[in-house]
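Below is one structure; the comments refer to it alone.
Nothing in this text is a laboratory measurement; each read-out follows from the coordinates by a stated rule. Note that the coordinates shown come from a computational prediction; the quantities given were computed from them, not determined experimentally. Quick reminder, even Gly has a Cβ in these numbers, built from the backbone with ideal geometry, and neighbours come from all protein chains shown.
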């Protein structure tokens, strides 16, 4: 496979369309995809973090933190995990801390695991993220979410039984990463 050239088709702030012209043996093709990067940028660092937070409160069972968020492309609400873009020069830990504060009002206690760079749907986009498993706590002073004007996010706290119920809901509009996490915890038999 040889990439012959890449054309930028749009000029938006967060996401653009590109047409990639390629050749494979005698076949010449054109593939349109979405990207947050310019075509010559390296793919060594992910675009974003997707956070899997477990809330620990003394004398209460651990709870998975999900979000019910309005998503324009599906024209409705979707259940998903807190997430956000890595800013220039920002570490993964700093991004996680910032996004948790902005989207949930919760405080990062510790990072348990960071995945390698993961791709969401390579047939449509080169978008990539780190999946970051964390423990979170309520801050000493309660704080509100710090949402952008375009965000509508409701924080949902699920104990293990609620995780299992949500995982089995057949008509729920749910993000693929979030459903995978729900299923993981359902199969484990506990939140950790």
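The figures follow:
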| item | result |
| --- | --- |
| Folded to 0 to 90 degrees: helix 176-188 orientation relative to the chain principal axis, Cα | 40 |
| Within the range 132-168: backbone nitrogen closer than 13 Å to the residue 184 label point (7 Å, Cα to C-beta) | 132-135 |
| Cα gyration tensor shape of the range 59-192, rounded if a/c is under 1.5, else prolate or oblate by comparing a/b with b/c | rounded |
| FRET efficiency for residue 192 and residue 41, using Cβ-Cβ distance with R0 set to 45 Å, rounded to 0.05 | 0.80 |
| Choice from 85, 172, 55 showing the highest fluctuation, given a GNM over the chain with Cα pairs closer than 10 Å | 172 |
| Share, in percent, of DSSP beta bridges within the chain that are antiparallel, nearest 5 | 80 |
| Among 52, 181, 32, residue whose mean-square fluctuation peaks in a GNM of the chain (springs only between Cα atoms under 10 Å) | 32 |
| FRET efficiency, residue 57 to residue 151 (Cβ-Cβ, R0 35 Å, nearest 0.05) | 0.90 |
| Inter-site label distance for residue 1 and residue 91 at 7 Å from Cα along Cβ, in nm | 3.5 |
| Degrees between helix 92-104 axis and first principal axis of the chain (Cα, 0 to 90, nearest 10) | 60 |
| The chain: calculated mean residue ellipticity at 222 nm from DSSP helix runs of at least 4, using -39500 (n - 2.57) | -5500 deg cm²/dmol |
| Ranked 147, 166, criterion: other C-beta atoms within 10 Å, fewest first | 147, 166 |
